[in-house]
């Protein structure tokens with residue numbers, strides 16, 4: 001997988017964030033959150049993604065997920081070290097730090 005070039009420690013937008021391997025990390029974030037929090041979110045789509053080079057790659061993602069018919073955006077951080085077959089969900093919070101953004105008919109309601 002080709003990674004965007006970024007200064008060490010800085011973030012870079014992931015172009016073509018709909019690539020299967022990036023979307024798979026977003027699905028992993030939702031599944032891992034469900035497992036840890038006994039939640040029942042369903043992955044809808046990956047909205048955006050950035051990468052940060054650390055001891056591996058830290059993916060900063062905005063993920064849309066649904067629960068009980070209501071769609072919301074979440075900020076997820078997944079740390080991956082592909083050469084070690086390692087990935088870890090580092091954080092999963094409602095988008096805008098504690099403020100959910102319901103989505104109704106394709107529009108984000110703030």
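Below, the figures for the structure above:
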quantity: Sequence ranges 69-80, 84-95, ranked by mean other-Cβ count within 10 angstrom, highest first; calculated: 69-80, 84-95
quantity: Rough spin-label spacing in nm, given labels placed 7 Å along Cα→Cβ, for residue 27 and residue 54; calculated: 2.5
quantity: The range 11-108, relative contact order in percent, only Cα pairs under 8 angstrom and at least six apart counted; calculated: 21
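Every number in this text was worked out from the coordinates using simple rules, so none of it is lab data. Nothing here was measured: the structure is a model prediction, and the numbers come from that model. Note that each Cβ is placed from the backbone with ideal geometry, even for glycine, and that neighbours are counted across all protein chains shown.
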